[in-house]
Amino acid sequence: MKTKNTQAANPDSILFLVSRLQERAFRFLTAELKKRGIETVEPSHGAILRQLFLHGPLPMNRLAHLIDRTKPTVTVLVNKLEKHGYVKRLADPQDNRVTLVQATEKASALSSDFEQVSRMMLERIFKGFLPEERQALADYLQKSVNNF
């Protein structure tokens with residue numbers, strides 16, 4: 001049984017806390033997707049699908065930039081999504097040297113499930129937060145990310 005730590009957090013443990021939050025959020029996402037019969041999509045695929053839902057077909061390098069991952073990492077993730085029928089690759093009609101990644105109808109049919117689960121996860125993460133606390137946390141984390 002997991003216990004809740006109610007002591008003030010030690011600033012030196014920030015990486016541990018961020019890691020624990022990510023681990024718990026991924027577990028939550030995986031469980032919620034599984035409840036909906038979606039077992040072949042992992043949380044790491046969510047960023048790619050979200051960008052494809054927002055922007056439509058994208059070149060691999062643009063997709064890598066949008067989700068802040070290396071192109072080889074994105075290639076591995078896209079390969080898995082393609083294997084399960086969630087994305088397809090197509091030639092860019094304006095430049096045949098460029099490969100676009102596009103969400104399939106199978107993925108698009110699940111977009112409302114993904115959106116609902118994401119919303120539930122954010123509600124869980126920010127439970128008990130005031131709106132200004134939510135914004136402050138996001139600002140502080142972004143400031144830390146920008147330091148790299």
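Scanning region 92-124 for residues that are touching a Phe, Trp or Tyr at 6+ places or on another chain (Cβ under 9 Å) and either in a helix (DSSP H, G or I) or of a type in the set (Val, Ile, Thr) (or both) turns up Thr104, Lys106, Ala107, Ser108, Ser111, Phe114, Glu115, Val117, Met120, Met121, Arg124.
So which of Gln94, Gln51 is at pLDDT 95 or above and either over 13 Å from the mean Cα position of the chain (by Cα) or surrounded by 17 or more Cβ atoms within 10 Å (Cβ to Cβ) (or both)? Only one candidate qualifies: Gln51.
Among residues of region 102-139 being at pLDDT 95 or above and aromatic (Phe, Trp, Tyr), the one that is surrounded by the most Cβ atoms within 10 Å (Cβ to Cβ) is Phe126.
Can you name the residue in region 66-91 that is among the charged types (D, E, K, R) and assigned to a loop (DSSP other than H, G, I, E, B) and, of all such residues, is surrounded by the fewest Cβ atoms within 10 Å (Cβ to Cβ)?
Asp68
Only residues that are part of a helix (DSSP H, G or I), modelled with pLDDT of 85 or more and under 30 Å from Tyr86 (Cα atoms) were counted across region 1-43, and they come to 18. Scanning region 19-39 for residues that are touching a Leu at 6+ places or on another chain (Cβ under 9 Å) and free of Cβ contacts under 8 Å to residues at least 60 places away in the same chain yields one hit, Glu39.
For region 125-139, a residue qualifies if it is over 18 Å from the mean Cα position of the chain (by Cα), part of a loop (DSSP other than H, G, I, E, B) and among the hydrophobic types (A, V, I, L, M, F, W, C), and the qualifying residues are Phe129, Leu130.
The values are calculated or read from the model by the stated rules, or taken from the named source; none is laboratory data. Owing to the predicted nature of the structure, the values given are computational and were not obtained by experimental measurement. Counting neighbours? That spans all protein chains shown, and the Cβs are built from the backbone with ideal geometry, glycine included.
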